[in-house]
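Quick notes on the structure that follows.
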Amino acid sequence: MKPHEYKFVSLHDIEEVDKALDLIEPVGEEQVNTWDALNRVLSRDAVVPMDIPPRAKAAYDGYAVRSDDVTKTPVRLRVVGSVSVGSLPNFAVGPGEAAYVTTGAYLPDGADAVVPEEYVEVVGDEVVIHRGVGKWDNTDPPGSFAKGGEVALRLGTLIMPWDIPALLELGIGSLWVRRKIRIYIVATGSELIIPRSPEDVLNAVLNGKVVESTASMITQFISMYTPYAEVVGKTIVPDDYSMIRDAVVRGLEVADVVITTGGTGPSGVDYVFDVMTSLKPLIYIRGLKMRPGRPTGIAVLGGNKVVLNFSGHPISTLNALTTIFLKVVKKMAGLRVGLPEPRVNAKLVRGSLGEEGIARQYRVKVVRRGNEYLMEAIPRQGSSLTHTLLQVNGLVFTRAGMKVREGDEVEVFLLREPESVE
């Protein structure tokens, strides 16, 4: 075990994290099938390959006609065929002729409008048209969806489920996207255990052990809020300098971002600072003026590698996830348009929030009255009081020097849906 020497480092303003972000580049790109692109971030614009539709399509079930033939109605036309969606017409419509078409079917050559079937009377192999139409009426004309060369989605956009059918309709079968950001988690602490049964949880409490949950929470947060990233490995190591360093180095070999939990404080068994300095980062911001999560650190190493140091307390890590981690992975993903975050403006009903000289994240209880959101309860705020997360449904972040007073509105990051009250 390497002797531990704690070196005091002044806390940094949270804005200084931007210095580290400036050194981070987006990860590499790859080409994927459009139907496999869910939750990927475009690394290039998605461009329409040709005019869509390439020929006119019927917007209604009815009869494709030449608009010049139906300027005066009623008029009788001869039916020369039919076209269903999914097939190409192999005939043309000439003067005095019509063809039955279903919604979405391509119009035969010669036809330039559709008469909906409710305005048509069928008489043998002929139809009587009772309402006139103009050119391209009741159709989707060629190029009316998009023109070849148009940008359908801009680079930096996260692909949503509904984007995929829209892109396919425009003839876009493949996309250039950022590869997923790879994340490796190193949970430190000799006190940590992995429960094998429900009884292990209670036994851990009784025996002074800690059930590992912070690293697991990070994994679940990534799955929920950053689907363009993936956890490629997770390990638990005791409070030992060499073992922590070896785990971090292994993580850097397979991942873009390594996250450590625990071991960030000033005690004689906290070795993360020594490990980080031994890696000779390009920049290392250790300790932030924010509460909870003051021990949070960020290091950028060569090769576009990042190490994030989080507290072992879930509450402190939750603050670091929403304020620091999201910024890092969005920069790495080149993300410009992503998932809508669950944020609302809520009015503080009583008390005040904010502390001079330090950024704060508060756990709050929000309710909804009509269209108004109200913060009605603020539990104890200690970073070790993980159980208070069960009593709240939102997080409020205040910058250094910011004060929120009774009656003020402030942005809340919702953890779950607020209850409606009368």
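Taking strands (runs of 3 or more DSSP E) that fall entirely within region 84-199, which contain at least 2 residues that are assigned by TED's automatic domain parsing to the domain that holds residue 250, under 30 Å from residue 214 (Cβ atoms) and in contact (Cβ under 8 Å) with a residue 12 or more places away in the chain?
Details: elements: 97-101, 113-116, 120-123, 126-129, 151-153, 174-178, 181-188.
Once the strands (runs of 3 or more DSSP E) in region 84-199 are filtered for at least 2 residues that are assigned by TED's automatic domain parsing to the domain that holds residue 250, under 30 Å from residue 214 (Cβ atoms) and in contact (Cβ under 8 Å) with a residue 12 or more places away in the chain, what remains is 181-188.
Right, residue 184: surrounded by 14 or more Cβ atoms within 10 Å (Cβ to Cβ), touching a Ser or Thr at 6+ places or on another chain (Cβ under 9 Å) and farther than 30 Å from residue 69 by Cα or not?
Working: surrounded by 14 or more Cβ atoms within 10 Å (Cβ to Cβ): yes; touching a Ser or Thr at 6+ places or on another chain (Cβ under 9 Å): yes; farther than 30 Å from residue 69 by Cα: yes.
Judged against the criteria, residue 184 is a match.
Tell me, which strands (runs of 3 or more DSSP E) lie completely within region 309-422 with 2 or more residues that are more than 21 Å from the chain's Cα centre (by Cα) and acidic (Asp, Glu)?
Details: elements: 343-348, 359-369, 372-377, 394-398, 409-414.
Counting at least 2 such residues, we get 372-377.
I'd like the residue in region 272-308 that is buried (at least 22 other Cβ atoms within 10 Å of the Cβ) and not aliphatic (A, V, I, L, M) and, out of all such residues, is farthest from the chain's Cα centre (by Cα).
Only one residue fits best here, namely 273.
Give the residues of region 22-41 that are surrounded by fewer than 18 Cβ atoms within 10 Å (Cβ to Cβ) and part of a helix (DSSP H, G or I), sorted by residue number.
Selection gives 35, 36.
Determine if region 292-301 includes at least one residue that is over 23 Å from residue 256 (Cβ atoms) and either modelled with pLDDT under 85 or in a loop (DSSP other than H, G, I, E, B) (or both).
So in region 292-301, the residues over 23 Å from residue 256 (Cβ atoms) come out as 292, 294.
From what is left, the residues that are either modelled with pLDDT under 85 or in a loop (DSSP other than H, G, I, E, B) (or both) are 292, 294.
Yes, region 292-301 contains a residue that is over 23 Å from residue 256 (Cβ atoms) and either modelled with pLDDT under 85 or in a loop (DSSP other than H, G, I, E, B) (or both).
Output the qualifying pairs, or none if there are none: Cβ atoms under 7 angstrom, residues six or more apart or on different chains, first residue in region 60-71 and in contact (Cβ under 8 Å) with a residue 40 or more places away in the chain, second residue among the basic types (Lys, Arg).
Between residues of region 60-71 that are in contact (Cβ under 8 Å) with a residue 40 or more places away in the chain and residues that are among the basic types (Lys, Arg), the close pairs are 67/135.
Across region 137-165, which residue is surrounded by the most Cβ atoms within 10 Å (Cβ to Cβ) among those that are of a type in the set (Gly, Ala, Ser) and closer than 27 Å to residue 107 by Cα? Write out each step before concluding.
First, pick out the residues of region 137-165 that are of a type in the set (Gly, Ala, Ser): 143-144, 146, 148-149, 152, 156.
Those left that are additionally closer than 27 Å to residue 107 by Cα: 143-144, 146, 148-149, 152.
Working: 143: 17, 144: 15, 146: 20, 148: 14, 149: 10, 152: 22.
Here the answer is 152.
Can you list residue pairs whose Cβ atoms sit under 8 Å apart, with the first residue in region 352-379 being within 17 Å of residue 417 (Cα to Cα) and the second being outside any strand (DSSP E or B) and hydroxyl-bearing (Ser, Thr, Tyr)? Count only pairs 6 or more apart in sequence or on different chains.
Short answer, once both residue conditions are applied: 363/388.
For region 398-414, name all the residues that are in contact with a helix residue (DSSP H, G or I) (Cβ under 9 Å, 6 or more places away or on another chain) and at pLDDT 90 or above. Let's see the steps before the verdict.
Of the residues in region 398-414, the ones in contact with a helix residue (DSSP H, G or I) (Cβ under 9 Å, 6 or more places away or on another chain) are 399-400, 413.
Once the filter is applied, which keeps residues that are in contact with a helix residue (DSSP H, G or I) (Cβ under 9 Å, 6 or more places away or on another chain) and at pLDDT 90 or above, region 398-414 yields only 413.
For region 65-83, how many residues are more than 23 Å from residue 54 (Cα to Cα) and in a loop (DSSP other than H, G, I, E, B)?
4
Run down 264, 260 and say which single residue is out of contact with any Cys (no Cβ under 9 Å at 6 or more places or on another chain), crowded, with 24+ Cβ neighbours inside 10 Å and farther than 14 Å from residue 183 by Cα. Can you show your working first?
Numbers: 260 fails: farther than 14 Å from residue 183 by Cα.
Being out of contact with any Cys (no Cβ under 9 Å at 6 or more places or on another chain), crowded, with 24+ Cβ neighbours inside 10 Å and farther than 14 Å from residue 183 by Cα holds for just one of 264, 260, which is 264.
Might you check whether a residue that is modelled with pLDDT under 90, in the same structural domain as residue 188 (by TED's automatic domain parsing), surrounded by fewer than 23 Cβ atoms within 10 Å (Cβ to Cβ) and not acidic (Asp, Glu) occurs anywhere in region 350-358?
Initial filter on region 350-358 (modelled with pLDDT under 90): 350-358.
Next, only the ones that are in the same structural domain as residue 188 (by TED's automatic domain parsing) stay: none.
No.
May I ask you to list pairs of residues, at least six apart or on different chains, whose Cβ atoms are under 6 Å apart, with the first in region 15-31 being of a type outside the set (A, V, I, L, M) and the second being in a strand (DSSP E or B) and surrounded by fewer than 18 Cβ atoms within 10 Å (Cβ to Cβ)?
That search, which allows pairs on different chains as well, returns 29/176; 31/174; 31/176.
Return the only residue of 243, 217 being within 33 Å of the chain's Cα centre (by Cα), closer than 29 Å to residue 256 by Cα and not hydroxyl-bearing (Ser, Thr, Tyr).
Working: 243 fails: within 33 Å of the chain's Cα centre (by Cα).
When all the criteria are applied, what remains is 217.
I'm checking my understanding of the structure. Among residues of region 236-288 that are free of Cβ contacts under 8 Å to residues at least 12 places away in the same chain and acidic (Asp, Glu), which one is nearest to residue 302 (Cα to Cα)?
253
In region 215-233, is there at least one residue being free of Cβ contacts under 8 Å to residues at least 60 places away in the same chain, in the same structural domain as residue 263 (by TED's automatic domain parsing), of a type in the set (D, E, K, R) and not in a strand (DSSP E or B)?
no
The values are calculated or read from the model by the stated rules, or taken from the named source; none is laboratory data. Bear in mind that the values here come from a model prediction, so they are computed numbers and not experimental data. As a convention, Cβ positions derive from the backbone with ideal geometry for all residues, glycine included, and neighbour counts pool all protein chains shown.
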